[in-house]
Every structure is written in structure tokens, then in C-alpha cells.
1. Using 0.36 nm times the number of residues separating ALA14 and GLU38, minus their current alpha carbon distance, what extension gain do you get?
2. Would you work out the relative contact order for region 41-148, in percent, from Cα pairs under 8 angstrom that are 6 or more residues apart?
3. Output wanted: per-residue J couplings in Hz (rounded whole) for region 184-200, from phi through Karplus 6.51 cos²θ - 1.76 cosθ + 1.60, θ = phi - 60°, x for Gly and Pro.
4. Length gain on complete extension for the stretch ARG47 to PHE86, per 0.36 nm per residue less the alpha carbon to alpha carbon distance?
5. With a 1.4 Å probe and all protein chains left in place, how much of the accessible area of the chain comes from carbon and sulfur atoms, in whole percent?
6. Report P(r) for region 164-204: all Cα-Cα distances, bin width 5 Å, range 0 to the bin holding the largest distance, values in whole percent.
7. Could you work out the relative contact order of the chain? I mean the mean sequence separation of Cα pairs under 8 Å and 6+ apart, divided by the number of residues, in percent.
8. Would you calculate, for the chain, the mean residue ellipticity at 222 nm contributed by helices, counting each DSSP H stretch of 4 or more residues as -39,500 (n - 2.57) and dividing by all residues, to the nearest 500?
Amino acid sequence: MSRSGLSTVTVVDALVEALRGQILDGQWPPAAPVAEVEVARRFQVSRPTAKAAVRTLVFEGLLRQDSHHAAVVPSLSAQDIEDLYFVRIPLELAMVERLSQATGVRLDDAENAIGALERLPDDAVTSSFVAADLGFHRALAAATGSWRLERSYNALAGEVHLCMMQTRQALGRTRIAGEHRQILQAIRRGDAPGAVEAARRHLTGARDALLTRADRTA
């Protein structure tokens with residue numbers, strides 16, 4: 001910690017962010033080994049720094065590692081998708097219910113995330129589209145004011161992003177932005193049942209589309 005009380009970005013933090021970005025952009029394909037030696041060489045860092053970054057991403061679920069083997073980018077299966085959404089859906093429903101019942105909640109970031117998604121060009125790379133989609137959900141998590149909930153959501157978001165990248169599946173920009181706006185409008189009206197139902201439809205639709213795509217590519 002610095003004297004001002006703000007944490008400083010370490011070399012490991014910077015490496016984790018860079019490596020995470022490459023994995024989520026698809027630069028390390030499914031089943032690709034992410035060896036510490038290769039990470040150290042590619043990013044010109046020490047082997048211990050590479051090892052620490054890899055361990056962090058294993059904890060996040062963006063890498064998997066067995067004893068005495070290099071970490072690999074997981075190839076997420078239909079079972080993984082089911083499990084992700086088994087955890088994700090109740091968490092997000094709790095988020096929107098809490099926001100609908102709260103007063104004075106600032107939702108500007110969620111509104112801006114919808115706008116960012118709508119402004120993406122048609123030829124935007126998949127990773128940009130997925131990041132813009134998840135930006136709305138991250139903004140809602142942050143708006144709850146619960147750092148534990150936000151931490152829990154962000155722990156899932158990386159795997160959801162990876163899943164959407166690997167299946168190349170999305171519901172379409174217009175549909176997603178429209179459904180996001182329905183959720184946000186219900187929250188702003190204080191309509192907790194309506195917000196929860198809109199979120200449920202949105203998330204189950206996303207899950208089912210991912211499962212259909214996963215089955216086709218299995």
C-alpha cells in the first residue's frame with residue numbers, strides 16, 4: 001500500500017492483466033499450454049513473476065493446471081456452461097432485486113455500457129462485443145455497493161467471457177442492448193419483480209444459446 005492508502009500496481013498485477021487480455025481475446029486458443037517459461041519469454045519478466053501470474057489466472061478459472069504440468073486454457077464444455085449459469089443466474093437476480101429496492105442508486109455506468117454496446121461497429125471483433133455486453137452486468141454489480149457481491153460476480157465474468165469467445169455465440173447486439181435496457185428501466189421504476197423476470201429471461205436465453213452452440217461444436 002502507498003502512503004495515500006491506494007494500492008500500487010505490481011509487475012505481477014500488470015502481467016496478469018496483459019495475459020488475461022490475451023486469453024480473453026483468443027490469442028491463446030483452447031487447450032494451448034501456457035507454460036511459465038513461455039510467459040516469461042513473451043513478456044520479458046522473471047520466471048517467478050510468470051509463475052505468480054499463472055497461479056492467479058488458474059484461481060480465476062481462465063487457466064487450468066494439474067500437478068507437474070503446464071497450465072492450459074480450458075476448453076469449456078456444456079457442463080461448464082450449465083455450472084457457470086447455475087451460479088451466475090441467482091447472483092444476478094439478487095443484484096437486480098437489490099437495486100430495484102434501493103434509493104439513490106447511480107446507474108449511469110450501466111446506461112453508458114448499453115450505449116457503448118449500441119455504438120460498436122458491425123465488424124467489431126468478438127472480444128470487444130463480449131466485453132461491452134458484460135460491461136453492463138459488471139456495472140450493475142458495482143452499483144449494488146456490495147464489494148463482496150462485486151468480487152463474486154467478477155470472479156465469474158472472466159469464465160463467462162471465455163465461454164462466449166470459445167463458442168463464438170452471442171444473442172445479437174440489438175437484442176442484447178434491448179434486453180439490458182428492459183432490465184435497467186424496471187430497476188429505475190422500482191419494479192423488483194419486473195426487473196428480476198427481465199433478467200431471468202435474458203440470462204436463461206444466453207445460457208440456452210451457449211448450450212446449443214456448444215452441442216454443435218462438441
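The values are calculated or read from the model by the stated rules, or taken from the named source; none is laboratory data. Given the structure is predicted, the values throughout are model-derived calculations rather than measurements. Reconstructed Cβ throughout: ideal geometry from the backbone, glycine too, with neighbour counts over all protein chains shown. For accessibility, only protein heavy atoms count, side chains too; no ligands or nucleic acids. Shrake-Rupley method; radii C 1.70, N 1.55, O 1.52, S 1.80 Å.
1. Stretched out fully, the ALA14 to GLU38 stretch lengthens by 7.0 nm.
2. 21
3. Computed from phi, the couplings for region 184-200 are 5, 4, 5, 4, 5, 6, x, 8, 4, x, x, 5, 5, 5, 5, 5, 4 Hz.
4. Length gained between ARG47 and PHE86: 10.4 nm.
5. 50
6. With a bin width of 5 Å, the distribution comes to 5, 25, 26, 19, 13, 8, 4, 1.
7. 23
8. Value at 222 nm, helices only: -23500 deg cm²/dmol.
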